[in-house]
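Only one structure is covered here, and it is reproduced in the block below.
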C-alpha cells in the first residue's frame, strides 16, 4: 500500500507536469456558411445616434449568425463634444464604404451590412438578411486564437485563407479589437447631460492586409498581434473579416470574445 506521503508526492508531480504554460486560451473558427458583418457608424456628438447604439447593444450575441461592430467617427467632434472612442480612420472607412456604392456623402447613424448600406435596420429586416446569408457558402476560412501566457503576454493569432484562389486576388483582411459595456457622461454638444452606453466599440483596427495569390501561393494570411495585459481585464474580443477591395463585399467574418485569464 502506498503511504500517504508518497501519494501526496505522486499527485504533486502529476499536477506539476499537467500545469500548462498558458494561463488561458480560447479560439474560434469560421463555418461553412457566410456570417454577415454588421457595421454601425456612430458618434457621441450625434443626437440621433443613441437609439442606434442601444439597438446594437441589445442584439443577442450569436457570432454564428451576425457579427456587430461599432465604428465611432470623428467628423462630429467639432460641434462641442469630442467622442473619446472616435478615430479619423473610422471616418475614412465609412467614406470608402460610401464610395463603393457611388454615394457622395456619409451620415450617422449608418448601418452597413456586408459592405452595403442597411437603412431602417430593425430585428425583422436583420433576421431576413441573416437567413439569406446562411444560404451562401463561405468564401474564406478564418480562425482566431487568443492566448494569455503565464508571464502576462497576451497574443492574438489570426489566420485567413481564401476558399478559391480567384477570391484571394482582391481580398483584404482586417482585424478589429472591440470592447463592450462602455459608458460616457456627455457634458457638451447635442447629447449634453446624457449618459451613453456602448457595446461592440472598435478600439483598435488593423489592416488592410492583402491576401494576393500572386504573392502567396497558399492564398493565405497569418499574423500575430501582441496586446497589452490590460485587455485581459476588459469585456472585449476580436473580429477578423475578409473584404473584396474592388466591391466592398464581405466574404466572411469571425468573432472571438476574449476568455478569462
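Laboratory data are not the source of any read-out in this text; all were calculated from the coordinates shown. Note that the coordinates shown come from a computational prediction; the quantities given were computed from them, not determined experimentally. So basically every Cβ, Gly included, is an ideal-geometry build from the backbone, and we count neighbours across all protein chains shown.
Pairs of Cα atoms under 8 Å, at least six residues apart: use those to get the relative contact order of the chain, whole percent.
26
May I ask for the angle, rounded to the nearest 10°, between helix 4-18 and the longest principal axis of the chain, with both axes built from Cα atoms and the value confined to 0 to 90°?
40
Relative to the longest principal axis of the C-alpha atoms of the chain, give the angle of the C-alpha long axis of helix 123-133, reported between 0 and 90° and rounded to the nearest 10°.
On a 0 to 90 degree scale, this one is about 70.
Can you tell me what share of the DSSP beta bridges in the chain is antiparallel? A percent to the nearest 5 is fine.
Numbers: 59 of 66 bridges.
The antiparallel proportion sits near 90 percent.
Rounded, prolate or oblate: which fits the range 175-236 when a ≥ b ≥ c are the square roots of the eigenvalues of the alpha-carbon gyration tensor, with rounded for a/c under 1.5 and prolate only if a/b beats b/c? Mind showing how you got there, number by number?
Values: a/c = 4.59, a/b = 2.37, b/c = 1.94.
Taking the square roots of the gyration eigenvalues as a ≥ b ≥ c, the range 175-236 is prolate.
By per-residue mean of other Cβ atoms within 10 Å, what is the highest-first order of 167-180, 189-202? Intermediate values should be presented prior to the final figure.
Numbers: 167-180: 21.5, 189-202: 17.8.
My ranking of the peptides, most packed first, is 167-180, 189-202.
What does the helix-only formula give at 222 nm for the chain: each DSSP H stretch with n ≥ 4 adding -39500 (n - 2.57), the total divided by the residues, and the result rounded to the nearest 500 deg cm²/dmol?
My calculation for the chain gives -6000 deg cm²/dmol from helical runs alone.
For the chain, take N as its residue count and report Rg(C-alpha) divided by 2.2 N^0.38 Å. Could the numbers behind the result be given before it?
Details: Rg = 21.3 Å, N = 261, 2.2 N^0.38 = 18.2 Å.
Expressed relative to 2.2 N^0.38 Å, the Cα Rg reads 1.17.
Nearest 10 degrees, 0 to 90: what angle lies between the long axis of helix 88-100 and the longest principal axis of the chain (Cα atoms)?
With rounding to tens, the tilt is 60 degrees.
Hey, can you rank 92-100, 32-40 by average C-beta count inside 10 Å, highest first?
Ranking the peptides 92-100, 32-40 by packing returns 32-40, 92-100.
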